[in-house]
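Where a number appears in this text, it was derived from the coordinates with a stated rule and is not lab data. Computed from a predicted model, the values in this text were never measured in an experiment. Virtual Cβ from ideal backbone geometry, glycine too; neighbours counted across all protein chains shown.
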Amino acid sequence: FNKLGAYTIDADSIVHKLLLNDIDLKTKIVSLFDTTILEDEKIARDKIAKIVFKDETKLKKLENLLHPKVLAEIEKEYEKVKNGNFIFFIVEMPLLFEIGVQKLFDIVITISTKEDIAKKRSKDKDYMLRKKRQMPLKEKEKLSDFVIENNQDISSLEKNIKKISQIIKNL
């Protein structure tokens, strides 16, 4: 989408920036867990992951701290660029349906990948723990306006994105 002239933003990147730069958030997260989640005075996301994927209550508390801030950052970014020269404002948000914010967006596109391919491509050692947290892909596909399959190479993905972009432009 970026190559086609869209402004793109990634919710996971926003979380990473918030964890590094938002002192208030960092303080609240440390008080929720304790200082063992710190490495070199920074929040170690892998340490938090080990805790929250085994403790639903702590996961919910963490999400209650993070999600409103992530959504506020997306809104700020949109306000900053909405009058710019972009064909679309694209937000990549893995937990869109799980946190129930899909109605905030005009169009929802799910990038769908077969489980075995997704697992191979993932660099995350907590892949299965994270996957359990997510809504089943088939449900996401049903709730989406468009589904793009990503089971082949990058050029196939780009071709599918171009097709969807043309359809959306013509709406």
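Sum -39500 (n - 2.57) across every DSSP H segment of at least 4 residues in the chain, then divide by the residue count to get the 222 nm mean residue ellipticity, nearest 500. The partial results should precede the final answer.
Values: 8 runs with 93 residues, N = 171.
-16500 deg cm²/dmol, from helical runs alone.
Give me the percent relative contact order of the chain, please, defined on Cα pairs under 8 angstrom at least 6 residues apart.
Details: 130 pairs, mean separation 45.4, N = 171.
Relative contact order of the chain: 27 percent.
Full extension of the chain between ASP22 and LYS120 gives 32.0 nm of extra length, using 0.36 nm per residue less the Cα-Cα distance. Scanning the chain for trypsin sites (Lys or Arg not before Pro) that sit in a DSSP loop and have at most 14 other Cβ atoms within 10 Å, the longest stretch containing none of them is 4-53. Here's how it looks for VAL108: its modeled amide H is under 5 Å from those of ASP145, PHE146, which are all 5 or more places away or on a different chain. For GLU149, the amide hydrogen comes within under 5 Å of the amide hydrogens of SER112, counting only partners 5 or more places away or on other chains and with H modelled in the peptide plane. Quick note on region 57-140: its Rg to Rh ratio, both from C-alpha atoms and Rh being the Kirkwood radius, is 1.00. The length gained on full extension between ASP34 and SER155, counted as 0.36 nm times the residue separation minus their Cα-Cα distance, comes to 39.0 nm. Computed from the coordinates I sent, mean projected area of the Cα convex hull in nm² equals one of (1) 10.2; (2) 10.9; (3) 12.5. Tell me the label. Given (1) 10.2; (2) 10.9; (3) 12.5, the structure-derived one carries the label (2). Between ASN2 and LYS42, what FRET efficiency follows from the Cβ-Cβ distance if R0 is 35 Å, with the result rounded to 0.05? The pair ASN2/LYS42 has a calculated efficiency of 0.80.
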